[in-house]
Structures are given as C-alpha cells and as structure tokens.
1. Taking the Cα centre of the stretch 14-67 as the origin, how large is its charge dipole in debye, to the nearest 20, when only Lys and Arg (+1) and Asp and Glu (-1) carry charge on their Cβ atoms?
2. Can you compute the modelled spin-label distance between Asn143 and His121, with each label point 7 Å from Cα toward Cβ, in nm?
3. So the label point goes 7 Å from the Cα of Phe36 along Cα→C-beta, right? Which residues of the stretch 1-28 then have their backbone N under 19 Å from it?
4. Keeping all protein chains in place, calculate the accessible area per residue for the chain (probe 1.4 angstrom), answer in Å².
5. Which one, Arg66, Arg140, Arg28, has the greatest fluctuation when you compute a Gaussian network model over the chain with C-alpha springs under 10 angstrom?
6. I'm spelling it out carefully: the read-out is Cα Rg over 2.2 N^0.38 Å, the candidates are (1) 1.14; (2) 1.88; (3) 1.41, and one was derived from this structure. Which label?
7. Any idea of Met110's accessible area? Nearest 10 Å², probe 1.4 Å.
8. Classify the stretch 100-173 from the C-alpha gyration tensor, please: rounded if a/c falls under 1.5, else prolate or oblate depending on whether a/b exceeds b/c.
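The values are calculated or read from the model by the stated rules, or taken from the named source; none is laboratory data. From a predicted model like this one, the values you see are computed outputs, not experimental measurements. Note that each Cβ is placed from the backbone with ideal geometry, even for glycine, and that neighbours are counted across all protein chains shown. Only protein heavy atoms, including side chains, enter the accessible area calculation; ligands, DNA and RNA are left aside. Shrake-Rupley method; radii C 1.70, N 1.55, O 1.52, S 1.80 Å.
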Amino acid sequence: GLLGEHGVVVPRDINRIRRTLSEIADGRSGGFGGLFVEMLCDIREELAELDARLAGYNQRIKNLYRSNEMCQRIGQIEGIGPITATALVAAVGDKSCFRNGRGDRYLRTMLIHGARAVLGHSAGKTDTRSQWINRMRERRHPNVVAVALANKNARIVWSLLSKDQEYSRGHMV
C-alpha cells in the first residue's frame with residue numbers, strides 16, 4: 001500500500017515485493033525522498049526478521065515431526081506433510097479422544113491443500129490410489145476430487161491413530 005501511494009505498483013508476490021524494496025533501499029530505483037527510503041529500509045529489515053522467525057518455526061515443526069511417532073505414521077500418507085501431520089497430532093492430543101474422522105475447519109483446509117498437491121502428481125501413476133483419483137477426475141470437478149481425497153485421508157488418519165496401526169499404501173485405498 002505504501003509503495004502504491006508513491007506510484008510503485010508491485011504484483012502481490014512476496015518475492016517481487018522483496019526485490020522492489022531492495023532496489024529502492026539500495027538506490028537502484030530512485031526519485032524518492034530520504035524519509036521514504038528510510039521507512040522502506042525499516043520495512044525490509046522487519047521482513048527479513050519475520051523470514052528468520054518463520055524459518056525457525058518451520059525447523060521446530062520439522063524437528064517435532066521427526067521426533068513424534070504418530071506424526072511419522074500419518075506423514076506416510078500422500079498429501080500429509082510435516083505441518084499437517086503435526087497439526088493433526090496437536091489437535092487430536094490423546095488419540096482416544098479422536099472418535100471419528102471429522103476435524104475442524106483449519107485441519108480440513110490443510111487436508112484439502114495436501115490433496116490438491118496429490119492430484120497434481122497422480123496423472124500417469126498406476127498405483128491403486130492414483131487410479132482411483134484419475135477415475136474420479138474423469139467425472140468430477142477437481143475441487144470435488146480434492147475434497148473427496150481429503151476426506152479419505154482424514155479417515156485413514158483416524159483409522160491409523162485410533163487403532164494404533166501403520167499405514168500401508170496397498171491396503172488403505
């Protein structure tokens with residue numbers, strides 16, 4: 001917004017914003033007053049600090065994922081990575097409280113995003129799960145398929161955690 005007020009239009013892309021901030025702050029893109037450039041330097045530093053904090057949090061999530069047996073177990077399911085696995089385990093807490101396959105809105109959203117990633121890689125694969133996905137894609141909208149796969153993944157997670165089972169790609173389709 002601040003850049004836009006000064007006639008600098010930057011697409012909504014964090015990397016382009018970083019690049020533009022650096023160009024202006026380093027004097028490669030001129031015509032701005034000293035106070036404005038100073039503010040942009042401060043914003044660039046704040047953004048770098050946030051990036052460092054996010055990298056630290058991501059590392060903590062990865063460490064938690066690696067050290068938790070339940071996370072490892074459900075992380076074997078295609079479409080469930082470290083962030084989704086740790087969120088599911090954190091939400092579930094005591095697995096005996098996980099009575100059914102339904103989760104909250106945040107967990108459903110994460111499962112759907114993971115399912116969309118799986119959809120992008122399923123074309124041409126011959127495993128049973130990919131065949132199911134590809135058959136469904138022939139007759140349904142991709143969003144419907146993503147939600148169906150997310151639902152299937154949620155039920156697999158529920159089964160793994162509630163029955164203390166290991167994931168087997170061949171059996172859980």
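1. Values: 9 positive and 8 negative charges, 101 e Å.
Dipole about the Cα centre, nearest 20: 480 debye.
2. Distance between the two pseudo-spin positions: 2.5 nm.
3. 1-11, 17-28
4. On the way: 11010 Å² over 173 residues.
Using a 1.4 Å probe on heavy atoms only, each residue of the chain averages 64 Å².
5. Of the options given, Arg28 has the highest mean-square fluctuation.
6. The value computed from this structure is option (3).
7. Its heavy atoms expose roughly 20 Å² to the probe.
8. Values: a/c = 2.31, a/b = 1.27, b/c = 1.81.
It is oblate, given that a/c is not under 1.5 and a/b is not larger than b/c.
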